[in-house]
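Asker: First, the structure itself, so that you have it in front of you.
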Amino acid sequence: MITPFLQKAVLCTGLALLGLGTASADTLKIGTEGGYPPWSMVDAAGKVSGFDADVGNALCKELNADCRFVVQAFDSLIPSLDANRFDLIISGMSVTPERGKRIAFSIPYAVEDALFVLPKDSELISAGSAEDIFKGLSGKTVGVQGGTTHGDYLRQKAPDLNIKNYDTLDQMQIDLDAGRLNATFADLTSQSKFLKKVGDKDFALSQLVIKGSSAPEVLGYGIGVGINKDKIELKEKVDAALCKLINDGTIKASSEKWFDIDISNYEVCKK
């Protein structure tokens, strides 16, 4: 079911694309984090790759624009968009009412759930409810990435946890591997990528998955493109382009390439 909040996000998905209009020149500047694999990574030469980069490049192609990625910390993306330092945010950002007070969002083109990474010998791996995990981790330190919905969710639902914020996912995972954290909480795709990298000798994913739909007011309604509220025409064109990319399988192909699963949000583009 599409909520009133989402109805505001789903505008004119059937509009024809007639060029950039309000976009400056023929270039779209896209803000992204660059440190949240496999969503967004940046190499030593400054080249951005990952699911976010694929979405951005495909979107620019649909809009007949050149992409220019601007890499910076996740929690600075919204203030920078407000200051018109770039045109769009494509950085695995969840569409939430709180963020919607500051910026506009495209349709939520992807959906994502979250879970914990815990020491492999932890009894909490098989916990049957979020409350059981929260109780088991009470007073212990759990890592999250700063500025994400994951930290907001834990602060609201599990105030007894000691929540430690990190600028990047890599920093968080290094501390987990070094024993400075009791657990981490992040999206399923990134947590799975971490385990593939380090192996399953010391850590494991929680069997319990925290679905975004269980607390959409905090975890969000899906992943969307952030857009300045003043750029209404650009938002309409981005919405239409994203639905085309969902319906023609472009989002699916990129999702399966990076995550091994399809996280396309097909429901939002149904007429």
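Asker: Pull up the range 37-53, narrow it to residues that are out of contact with any strand residue (DSSP E or B) (no Cβ under 7 Å at 6 or more places or on another chain) and touching a residue at least 40 places away in the same chain (Cβ under 8 Å), then point me to the one that is surrounded by the most Cβ atoms within 10 Å (Cβ to Cβ).
Answerer: Among those that are out of contact with any strand residue (DSSP E or B) (no Cβ under 7 Å at 6 or more places or on another chain) and touching a residue at least 40 places away in the same chain (Cβ under 8 Å), it is W39.
Asker: Could you tell me which residue of the range 54-77 is nearest to the chain's Cα centre (by Cα), considering only residues that are farther than 16 Å from A241 by Cβ and crowded, with 21+ Cβ neighbours inside 10 Å?
Answerer: Among those residues, the one meeting the criterion is F74.
Asker: Let me ask you something else. Is there a residue in the range 108-117 that is of a type outside the set (V, I, T), surrounded by 14 or more Cβ atoms within 10 Å (Cβ to Cβ), at pLDDT 95 or above and not in a strand (DSSP E or B)?
Answerer: Yes - at least one qualifying residue is present in the range 108-117.
Asker: Which condition breaks for S213 when tested against (1) of a type in the set (S, T, Y); (2) over 22 Å from G143 (Cβ atoms); (3) in contact (Cβ under 8 Å) with a residue 60 or more places away in the chain?
Answerer: S213 satisfies all of (1) of a type in the set (S, T, Y); (2) over 22 Å from G143 (Cβ atoms); (3) in contact (Cβ under 8 Å) with a residue 60 or more places away in the chain except (3).
Asker: Hey, another quick one. Of the residues that make up the range 119-130, is at least one surrounded by fewer than 19 Cβ atoms within 10 Å (Cβ to Cβ) and assigned to a strand (DSSP E or B)?
Answerer: For the range 119-130, residues surrounded by fewer than 19 Cβ atoms within 10 Å (Cβ to Cβ) and assigned to a strand (DSSP E or B): present.
Asker: Tell me the residue from K140, K197 that is over 19 Å from the mean Cα position of the chain (by Cα) and more than 27 Å from I261 (Cβ to Cβ), please.
Answerer: K140
Asker: On to the next question. Failed condition for F185, given (1) part of a loop (DSSP other than H, G, I, E, B); (2) in contact with a His (Cβ under 7 Å, 6 or more places away or on another chain), with all others met?
Answerer: Tallying (1) part of a loop (DSSP other than H, G, I, E, B); (2) in contact with a His (Cβ under 7 Å, 6 or more places away or on another chain), F185 fails exactly one: (1).
Asker: Within the bounds of the range 9-29, is there any residue that is assigned to a loop (DSSP other than H, G, I, E, B), modelled with pLDDT of 90 or more and over 16 Å from E236 (Cα atoms)?
Answerer: no
Asker: Oh, and also: Looking at the range 178-201, which of the residues that are surrounded by 15 or more Cβ atoms within 10 Å (Cβ to Cβ) and of a type in the set (D, E, K, R) is modelled with the lowest pLDDT?
Answerer: K193
Asker: Now for a separate question. Check G92 against each of (1) at pLDDT below 95; (2) farther than 19 Å from S190 by Cβ and name the one condition it does not meet.
Answerer: Of (1) at pLDDT below 95; (2) farther than 19 Å from S190 by Cβ, only one is false for G92: (2).
The values are calculated or read from the model by the stated rules, or taken from the named source; none is laboratory data. Bear in mind that the values here come from a model prediction, so they are computed numbers and not experimental data. No Cβ is skipped: glycine too gets one built from the backbone with ideal geometry, and neighbour counts run over all protein chains shown.
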